[in-house]
Amino acid sequence: MLQAIAQDRHKKMMDLAIAWVLRQPAVIGAIIGIRSEQEATEMAGGVNWKLTEQEMQAIEQALALWI
């Protein structure tokens, strides 16, 4: 389900993860481990991705399966 959300927006799973973390009410920023300039460039997609309410609900439903 998570992969489908990312693919629908032409994003990667790491973008989805970053966008989701930044959407959490208690989070004002995220520290992302970057090993190279290429990784930094690749990870930028999640920082500016504003997840919709529908996407957030779908992600929360998928995550509920892990709890």
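Read-outs: derived from the displayed coordinates by stated rules, not from any lab. In this text the structure is predicted, and so the values were computed from the model without any measurement. Cβ atoms come from the backbone with ideal geometry, glycine included; neighbour counts cover every protein chain shown.
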**Asked** Just one of (i) 20, 57, 23, 0; (ii) 18, 41, 36, 5; (iii) 20, 52, 25, 2 is P(r) over Cα pairs in 10 Å bins from 0, in percent calculated from these coordinates, so which is it?
**Response** (iii)
**Request:** Before rounding to the nearest 500, sum -39500 (n - 2.57) across all DSSP H runs of length at least 4 in the chain and divide by the residue total; then give [θ] at 222 nm in deg cm²/dmol.
**Result:** -17500 deg cm²/dmol
**Message:** Are there any chymotrypsin sites (Phe, Trp or Tyr not before Pro) in the chain that are in a DSSP loop and have at most 12 other Cβ atoms within 10 Å? List them by number.
**Reply:** TRP66
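Taking the stretch 1-49, which trypsin sites (Lys or Arg not before Pro) meet the DSSP loop condition and have no more than 12 other C-beta atoms within 10 Å?
Values: sites: ARG9, LYS11, LYS12, ARG23, ARG35; in loops: ARG9, LYS11, LYS12, ARG23, ARG35.
Here the trypsin sites (Lys or Arg not before Pro) that fit, given the DSSP loop and packing criteria, are ARG35.
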**Neighbourhood charge, 10 Å Cβ-Cβ cut-off, centred on TRP20 and excluding it, Lys, Arg +1 and Asp, Glu -1** = -2
**Prompt:** By how many nm would the segment from GLU39 to ALA62 grow when fully extended, if each residue of separation counts as 0.36 nm and the alpha-carbon distance is taken off?
**Reply:** 5.6 nm
**For the stretch 2-64, size of Cβ-based charge dipole, Lys and Arg +1, Asp and Glu -1, in debye** = 40 debye
**Request:** Can you give me the span-like helices of the chain, meaning DSSP H runs with 20 Å or more of Cα extent along the axis and Kyte-Doolittle mean at or above 1.0?
**Result:** none
